[in-house]
1. P(r) tail for the range 47-209, what percent of Cα pairs lie past 27 Å?
2. Fewest Cβ neighbours within 10 Å first, please rank L48, L148 accordingly.
3. Select from F183, V105, W65 the residue farthest towards the positive end of the dipole of the range 47-209; place +1 on Cβ of Lys and Arg, -1 on Cβ of Asp and Glu, and compute about the Cα centre.
4. Sorting K135, K108 on the 10 Å Cβ count, fewest up front, what's the list?
5. Long-range amide H contacts for H100: which residues qualify at under 5 Å (H placed 1.01 Å from N, peptide plane, sequence gap of 5 or more or a different chain)?
6. Each residue of the range 147-162 in order: what ³J(HN,Hα) in whole Hz does its phi give by Karplus 6.51 cos²θ - 1.76 cosθ + 1.60, θ = phi - 60°, with x for Gly and Pro?
7. Please list, in chain and number order, the residues 5+ apart from L139 or on another chain whose amide H is under 5 Å from its amide H, with Hs placed from the backbone.
8. If each of Q118 and E63 carries a label point 7 Å out from its Cα toward its Cβ, how far apart are those two points in nm?
Amino acid sequence: MRGGEMERRDAGNGEGEQPPRWGGRRTGAGRKPKNGRAGVQHRTRERLTGRHPVHVTMRVRREVWNLRSRRAYRVIERALSRGAERFGMRLTHHSVQGNHLHLIVEAKDARALSRGMQGLSIRVAQGLNRLMKRKGKVLEDRFHAHVLRTPREVRNAIRYVLDNARVHAMRLGKPAAEMIDWFASGPGLPGWLGVPPHTWLLRVGWLYHSA
């Protein structure tokens with residue numbers, strides 16, 4: 001890799017013999033993670049209906065370049081734009097950080113969310129691989145999804161996603177009071193996709209807790 005392209009990761013897992021058993025949960029069972037480490041834990045997804053938005057986090061693998069560069073972001077923005085409204089899933093907000101993406105999406109059900117995210121993941125991976133002139137996996141094995149069920153949750157998620165870079169900057173002691181994040185969506189910014197939300201929570205419900 002060329003200098004400066006790689007992301008520097010933030011500094012922020014004597015009884016007697018027993019007879020064999022089959023079935024049920026047991027320590028060490030199941031398929032082992034590749035490269036000796038797991039990505040997002042394989043937990044059962046939260047139940048999803050079309051009334052609730054979802055906060056999704058996608059994380060890239062360690063060898064992938066820093067996503068917060070202009071050329072990497074152009075690739076990601078193009079992928080997000082082309083996959084913003086497909087398979088029953090709608091992307092309304094996004095934020096790109098050094099090694100992960102935050103998305104707020106709507107999906108009519110869990111299957112639509114899975115198919116929509118699969119399509120987005122393929123577009124992002126193919127674009128970044130072309131940019132880096134490489135082959136192989138780009139994203140970790142699973143994305144994390146949190147269903148937003150109340151106006152307060154939606155309001156907090158929107159603020160978290162759109163202000164994520166500001167939060168990271170403050171943690172590093174950098175000035176961020178007037179910071180505009182050019183790697184996130186928002187009215188007036190190049191990254192604004194403009195896909196209108198359909199759910200009440202994303203259209204007006206979150207405004208009930210906008211103070």
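Read-outs: derived from the displayed coordinates by stated rules, not from any lab. Fair warning: this is a prediction, and the values are worked out from it, not measured in the lab. With ideal geometry, Cβ positions are generated from the backbone for all residues, glycine too; neighbour counts draw on all protein chains shown.
1. 21
2. Working: L48 20, L148 23.
By the 10 Å Cβ count, ascending: L48, L148.
3. It is W65.
4. On the way: K135 7, K108 17.
Going from least to most buried by this count: K135, K108.
5. HN-HN under 5 Å from H100: V60.
6. Ordered by residue, 3J(HN,Hα) equals 6, 9, 10, 10, x, 5, 4, 5, 4, 5, 5, 4, 5, 5, 5, 6 Hz.
7. Close amide H contacts, sequence-distant or interchain: R61.
8. If labels sit at Q118 and E63, their model points lie 2.5 nm apart.
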